[in-house]
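The values are calculated or read from the model by the stated rules, or taken from the named source; none is laboratory data. Note that the structure is a prediction, hence the values are computed from the model and not measured. For neighbour counting, all protein chains shown are included, and Cβ atoms are generated from backbone atoms with ideal geometry for every residue, glycine included. Protein only, heavy atoms only, side chains kept; ligands, DNA and RNA dropped before computing areas. Shrake-Rupley method; radii C 1.70, N 1.55, O 1.52, S 1.80 Å.
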Amino acid sequence: MLTIQEPLQQSGQHKTRWQAICYAPIFELAFRPFFLLATLFSCSALTVWLLQLSGTQIMPHQAIAPTLWHAHEMIFGFAITIAVAFILTAGQTWTNQASLSKGPLFGFVLLWCAIRAALYYNSNVSVILALILSAIWWLMAIATFSRMVIRANNKRNFLFVPILTILATLNILVLTLSYHQQFTIVTSLMQISLLMMTLIMSILGGRVIPFFTARGANTGSFQTPLVIEKLVLVASIFTVAFFILHLFFTSLTPILPWVFSLTALLHVARLAFWKTPQTWKVPLLWSLHLSYLLMALGLLLLGFSYWLTAITFSMGIHTLTIGGIGLMILSMLSRVSLGHTGRALQIKPIIIAAFVLLVCSLIFRVALLTIVNPYNAWLGSALCWIAAMTIFLWVYTPILTQKRADLAPPPPPKAARS
């Protein structure tokens, strides 16, 4: 899972412009185009949202309410897009089967771009078009990953097939019900989607963070007790299921904060075995550990929001989205983009500033929201996010659009001195 080999480019000149595009390095594997496009899109979507909040009607139409558009695009257009791209990419190494690449990947990317454009246009017709295209996009993703794990009989990673299927179903439901202005139901579906993201973070984080830590901080190998690992997985799945159940059976609501709190504490207990204090000199590690801790804090705040009026459900949601999901994505992107393109795992110092800016984004959105003017808090949070992601784009666009460094041809031999 950790060393992804990209297909070697065929030698020779490509005969058509189509071939030249499809065989460009950016279309070697899904992580390359989507890491860049989804990150860029998050900046654009936040800019649109800020303008909408300020009263500037920048969206051509409003078939879907701007609030629902904002939530949908940051969850599905950004976070879940990157998760799918990573799973499709890592799946090639997990199964030793070919993933989306070249022409099919180019078409997959065009579909995603068309969905984003249709939802931004936001008319009745364009939303229906986005709904149809989203269904096709998800079918491609699920079919590709299913083919890989089935052909390889890779039972360990088959769990991502139902996870992707659930996310696809949620996406279709969110778009359909948003179109019909079912705000309350859509809000609940968005919250379920976020909890599904915490499940993915729990699974992938549990695999890669200890491995990265052992190698990057030279801690030596270590292992989380098996009972903790099993409890975290069961609790993460149960949290999603119980949250869904409480929407139908309101009598279960008093139990929900206990479920959130217990799951959060289990994540903290798991993190306690990952030698976090030894990672503070390695930004690619402490950022991952901090994001995992903030994910647990987000779940804890969700639980406490049912008990304390000073803590709102929104505080928990944005701690999850900015601190947990956002920081983990930025940290993973910064590392994966180096390792999977054959480069040394050494980030530029400015990437550390990007990590800090995301933490500042969280502080503005959660801690300062009740202290300063709400719009100023939202503005500060969004600007910090945009600055952090812009730094990533500036540093990593050349890396993700060029071929692997370890596949570059050797330099010509120096002329012998006479």
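Put a dot 7 Å past the Cα of Asn376, heading toward its Cβ, do the same for Trp258, and the two dots end up 4.3 nm apart.
Treating each Cα of region 281-391 as an identical point scatterer and summing with the Debye formula, the log10 of I(q)/I(0) at q = 0.11, 0.21, 0.22 Å⁻¹ comes to -0.37, -1.06, -1.13. In sequence order, region 254-270 has phi-based couplings of x, 7, 4, x, 5, 5, 4, 5, 5, 4, 4, 5, 5, 5, 5, 4, 5 Hz under the Karplus curve 6.51 cos²θ - 1.76 cosθ + 1.60, θ = phi - 60°, and Gly or Pro positions carry x. Using a cut-off of 23 Å between Cα atoms, the listed pairs Lys102/Lys348; Lys230/Lys275; Lys348/Lys403; Lys155/Lys230; Lys102/Lys403 include Lys102/Lys348 as exceeding that distance. A simple charge model with +1 on the Cβ of Lys and Arg, -1 on the Cβ of Asp and Glu and nothing else charged puts the dipole of the chain at about 1280 debye relative to its Cα centre. Just name one of Thr81, Tyr121, Ser305: the one whose Cα is farthest towards the positive end of the charge dipole of the chain (beta-carbon charges, Lys/Arg +1, Asp/Glu -1). Toward the positive end, the furthest listed residue is Thr81.
Compared with the dominant Cα axis of the chain, that is its longest principal axis, helix 374-400 is turned about 20°. Rolling a 1.4 Å probe across the protein heavy atoms gives the chain an accessible surface of 44 Å² per residue. Summarising the label geometry, the points placed 7 Å from Cα in the beta-carbon direction at Thr401 and Ala98 lie 2.7 nm from one another. For region 22-90, the calculated P(r), taken from all Cα-Cα distances in 5 Å bins from zero up to the bin holding the longest distance, is 3, 17, 22, 19, 14, 11, 9, 5, 1 percent. Look at where the Cα atoms of region 193-219 and of region 99-170 average out, and the two centres are 24 Å apart. Here the Gaussian network model covers the chain, with springs between Cα atoms less than 10 Å apart; of Ala382, Ala83, Ala405, Ala405 fluctuates the most. Normalised by 2.2 N^0.38 Å, where N is the number of residues, the C-alpha radius of gyration of region 39-196 stands at 1.08.
Taking a point 7 Å out from the Cα of His180 in the direction of its Cβ, the residues of region 214-252 whose backbone N falls within less than 18 Å of it are 248. A simple rule links phi to the HN-Hα coupling: the Karplus curve 6.51 cos²θ - 1.76 cosθ + 1.60 with θ = phi - 60°, which for region 156-163 gives 4, 9, 5, 4, 6, 5, x, 4 Hz, with x for Gly and Pro. Rounded to two decimals, the Cα-based Rg/Rh of region 173-325, with Kirkwood Rh, is 1.02. Using the empirical formula 2.2 N^0.38 Å as the baseline, the Cα radius of gyration of region 83-171 reaches a ratio of 1.16. In this simple spin-label model, placing a label point 7 Å from the Cα along the Cα-to-Cβ direction at both Trp394 and Thr56 gives a separation of 2.1 nm. Relative to the 2.2 N^0.38 Å rule of thumb, the chain has a C-alpha radius of gyration ratio of 0.99. Could you tell me how many degrees, from 0 to 90 and to the nearest 10, lie between the Cα long axis of helix 327-339 and the main elongation axis, the longest principal axis, of the Cα atoms of the chain? Taking the Cα atoms of the chain, the angle to 327-339 is about 10 degrees. The chymotrypsin sites (Phe, Trp or Tyr not before Pro) of region 284-315 meeting both criteria, a DSSP state outside H, G, I, E and B (loop) and at most 14 other C-beta atoms within 10 angstrom of the site's C-beta, are Trp307. Extension gain for the segment Val268 to Ile350, taken as residue separation times 0.36 nm less the Cα-Cα distance, is 26.6 nm to one decimal. Solvent-accessible area assigned to carbon and sulfur over region 153-226 amounts to 60 percent, based on a 1.4 Å probe. Computed from phi, the 3J(HN,Hα) profile of region 174-181 under the Karplus parametrisation 6.51, -1.76, 1.60 (θ = phi - 60°) reads 4, 5, 5, 6, 5, 4, 8, 6 Hz, with x in place of Gly and Pro.
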